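Peer 1: This structure is in structure tokens; I'll ask about it shortly.
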Amino acid sequence: VQLQASGGGLVQAGGSLRLSCAASGSTFSRYGMGWFRQVPGQERESVAVVRWGGGRTYYADSVRGRFTISRDTTENTVSLQMTSLKPEDTAVYFCATALTQTWGLFDRRSYAYWGQGTLVTVSS
């Protein structure tokens, strides 16, 4: 299973970016896909996740209302539309796939496969 993330870059505060993640490889059952981010020296945090069956979404408080996660079950992709970006959104963003929801879909411990990360830099 491979996850390929793309779409990161440099943007000014208030701007927008769209991240995409394509899943390829073996067909498997998944509970959801999500986006996470990490700043050097800090733990990886959950940003937004989507339940694969049904499409219910969950967001971190810090991004709710600004970010929108969506999935395409036919193309096996998940996207993150980010608007009103803030300097504190600067991080490496990772997409991942959850094969279990033992810890809940928003908990990164549920995620088994991870993409390589894409850097988002928001300048003030």
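Peer 1: Working only within the range 20-55, note down all residues that are part of a strand (DSSP E or B) and either open to solvent by 30 Å² or more (accessible area, probe 1.4 Å) or more than 20 Å from Ala112 (Cβ to Cβ) (or both). Spell out the reasoning first.
Peer 2: At the first step, the residues of the range 20-55 found to be part of a strand (DSSP E or B) are 20-24, 32-38, 45-51.
Scanning the range 20-55 gives Ser20, Ala22, Ser24, Gln38, Glu45, Arg51.
Peer 1: What residue, of Ala5, Ala91, Ala13, is open to solvent by 50 Å² or more (accessible area, probe 1.4 Å) and of a type in the set (Gly, Ala, Ser)?
Peer 2: Ala13
Peer 1: Could you figure out which of (1) assigned to a strand (DSSP E or B); (2) farther than 17 Å from Gln42 by Cα isn't true of Leu105?
Peer 2: (1)
Peer 1: For the range 61-100, name all the residues that are touching a residue at least 12 places away in the same chain (Cβ under 8 Å) and charged (D, E, K, R).
Peer 2: Once the filter is applied, which keeps residues that are touching a residue at least 12 places away in the same chain (Cβ under 8 Å) and charged (D, E, K, R), the range 61-100 yields Arg66, Arg71, Glu75, Lys86, Glu88, Asp89.
The values are calculated or read from the model by the stated rules, or taken from the named source; none is laboratory data. Just so it is clear, the model here is predicted, and its values are computed rather than measured. All Cβ positions, even for glycine, are placed from backbone atoms using ideal geometry, and neighbour counts span all protein chains on display. Just so you know, the surface numbers come from the protein's heavy atoms only, side chains and all, with ligands and any DNA or RNA stripped out. Shrake-Rupley method; radii C 1.70, N 1.55, O 1.52, S 1.80 Å.
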